[in-house]
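S.K.: Pasting a structure here, questions to come.
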Amino acid sequence: MNAAESCHATLEIELSLWGKGIRTIAGIDEAGRGPLAGPVVAAAVIFPEGTHIPGVDDSKKLSEKKREELFLRIKEQALSVGVGIVGHETIDRINILQATILAMHKAVDELNVKPDYLIVDGNSFRHETYPYQNIIDGDAKCFTIAAASIVAKVTRDELMREYHARYPLYGFAQNKGYGTKQHIEAIRRYGVCDIHRRSFTLHEIG
């Protein structure tokens with residue numbers, strides 16, 4: 001392993017769990033907690049025991065091109081991938097934290113392989129059925145969570161490009177719904193569109 005690779009998320013946590021006889025480990029992460037528009041998207045990924053894909057890391061550290069390349073490799077090598085999507089209306093109704101947890105639950109429900117254990121980015125996830133472990137900065141530390149972060153980010157970015165075609169005034173293909181200067185100026189000029197999170201935009205633009 002070279003110096004660059006050593007900075008990437010590792011299998012340390014998975015190896016520990018496999019060593020305890022836990023076989024199917026689902027890594028879970030989300031994308032889209034902070035934007036002013038669009039859904040929050042979560043992904044759950046299960047790999048065969050011992051799988052490692054070089055370059056997989058926290059999606060925020062990777063270029064768009066690299067994320068998309070790794071997304072394809074993750075889909076090819078995973079035993080199962082589940083995606084959960086929670087839209088702006090639900091975010092406004094129950095708040096972004098609860099919407100994120102809901103998206104994570106939806107992602108787990110979409111897995112076609114039953115997980116033995118869940119490892120989850122952050123510190124807020126709870127599950128009544130499966131044993132789980134919350135890991136702060138898990139997407140930077142843990143390979144399977146990092147893979148989930150890539151799936152969630154690439155999936156959400158594609159959704160935002162589709163929204164851009166419907167609402168071209170806001171630059172969603174570029175800003176992915178985040179509160180860039182251009183995006184906020186567009187809201188002030190044109191008002192909000194159907195996919196804006198009212199609870200976010202009202203706070204952001206006053």
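S.K.: For residues that are among the polar types (S, T, N, Q) and under 30 Å from residue 197 (Cα atoms), tally how many sit in region 45-96.
M.R.: Number of matching residues: 4.
S.K.: Of the residues 30, 14, which is among the charged types (D, E, K, R), buried (at least 21 other Cβ atoms within 10 Å of the Cβ) and more than 30 Å from residue 88 (Cα to Cα)?
M.R.: After ruling out the rest, the residue left standing is 14.
S.K.: Right, something else. How many residues does region 101-112 hold that are more than 12 Å from residue 31 (Cα to Cα) and assigned to a helix (DSSP H, G or I)?
M.R.: 7
S.K.: If a residue has to be assigned to a loop (DSSP other than H, G, I, E, B) and under 23 Å from residue 39 (Cα atoms) to count, how many in region 113-123 make the cut?
M.R.: Matching residues across region 113-123 total 2.
S.K.: Just to check your reading of the model, which residue among 112, 134 is polar (S, T, N, Q), surrounded by fewer than 17 Cβ atoms within 10 Å (Cβ to Cβ) and in contact (Cβ under 8 Å) with a residue 24 or more places away in the chain?
M.R.: Just one listed residue meets the conditions, 112.
Per-residue answers, yes or no, for (1) in contact with a helix residue (DSSP H, G or I) (Cβ under 8 Å, 6 or more places away or on another chain); (2) surrounded by fewer than 21 Cβ atoms within 10 Å (Cβ to Cβ); (3) without any contact (Cβ under 8 Å) to a residue 24 or more places away in the chain:
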residue: 120; (1), (2), (3): yes, no, no
residue: 124; (1), (2), (3): yes, yes, no
residue: 144; (1), (2), (3): yes, no, no
residue: 156; (1), (2), (3): no, no, no
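S.K.: Moving to a separate point now. Residue 199 is checked against (1) among the small types (Gly, Ala, Ser); (2) crowded, with 18+ Cβ neighbours inside 10 Å; (3) touching a residue at least 40 places away in the same chain (Cβ under 8 Å) and fails just one. What number does that condition carry?
M.R.: Of (1) among the small types (Gly, Ala, Ser); (2) crowded, with 18+ Cβ neighbours inside 10 Å; (3) touching a residue at least 40 places away in the same chain (Cβ under 8 Å), only one is false for residue 199: (2).
S.K.: Restricting attention to region 163-180, does a residue exist that is at pLDDT 95 or above and part of a strand (DSSP E or B)?
M.R.: No - not one qualifying residue is present in region 163-180.
S.K.: Find the residue count for region 124-146, including only residues that are of a type in the set (Ser, Thr, Tyr) and in a loop (DSSP other than H, G, I, E, B).
M.R.: Summing the residues that are of a type in the set (Ser, Thr, Tyr) and in a loop (DSSP other than H, G, I, E, B) in region 124-146 gives 3.
The values are calculated or read from the model by the stated rules, or taken from the named source; none is laboratory data. What you see is a predicted model; the values in this text were computed from it and never measured. Every residue, glycine as well, gets a Cβ built from its backbone with ideal geometry; the counts of neighbours run over all protein chains shown.
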